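Encoded as structure tokens, the structure appears first; notes follow it.
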Amino acid sequence: MPGPTNTRFAVAVHVLTYLAGVEERAVSSDELSASTNVNPVYVRRVLGPLRDAGLVRSRPGPHGGWELTIDARNLPLSRVWQLMQDGHAVLGLHGPDPACAVGRRVQAALVALDSRVAGAITAELEQLTLHDLLADEPSPARPRV
């Protein structure tokens, strides 16, 4: 079975959790890249919307890097999901031929289903904060022994 094509949410949650666990210093894109096992450019692309939303900031300079700007207790995962989804369909909908009667019916049904699925995902993620994930994971600054 093929893997997911959009990993932005998972990478964003990973990065935010990492930053929340390293409060005393800024973290470089390279360090975040190593932790997430993805290219630093991809990490920076994920960080962009998070920065635009005010969840993270970057500091330039030799000791610069990325920092979390919000308390992990105040960041529901639904907010991260919505930022990373950016209005895109959850189910990976396609655009059928508008002249096809079957395609129109199937597309309408899938759009409605996608809306319900997105609502269910958002409702579930609203119940969890970034802090909830930290409670179950070791901090990069203080690894579990």
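The values are calculated or read from the model by the stated rules, or taken from the named source; none is laboratory data. Just so we're clear, the structure is a prediction, and the values are computed from it rather than from any experiment. Every residue, glycine as well, gets a Cβ built from its backbone with ideal geometry; the counts of neighbours run over all protein chains shown. Calculation scope for accessible area: heavy atoms of the full protein, side chains included, ligands and nucleic acids excluded. Shrake-Rupley method; radii C 1.70, N 1.55, O 1.52, S 1.80 Å.
A few points about this structure:
- Taking all protein chains into account, the per residue accessible area for segment 10-89 stands at 51 Å² (1.4 Å probe).
- The relative contact order of the chain comes to 29 percent, based on Cα pairs under 8 Å that sit 6 or more residues apart.
- Relative contact order (percent, whole number), segment 49-109, Cα cutoff 8 Å, 6+ residue spacing: 20
- Under the span-like rule (Cα at least 27 Å along the axis, Kyte-Doolittle mean at least -0.5), DSSP H helices of the chain: 101-126
- Neighbour count of at most 15 Cβ within 10 Å plus DSSP loop: longest trypsin sites (Lys or Arg not before Pro)-free window in the chain: 26-143
- Sparsely packed loop sites in segment 21-81 (the GluC sites (Glu not before Pro) outside DSSP H, G, I, E and B with at most 14 other Cβ atoms within 10 Å) comprise GLU23, GLU24.
- Rounded percent of accessible protein surface that carbon and sulfur make up, the chain, 1.4 Å probe: 55
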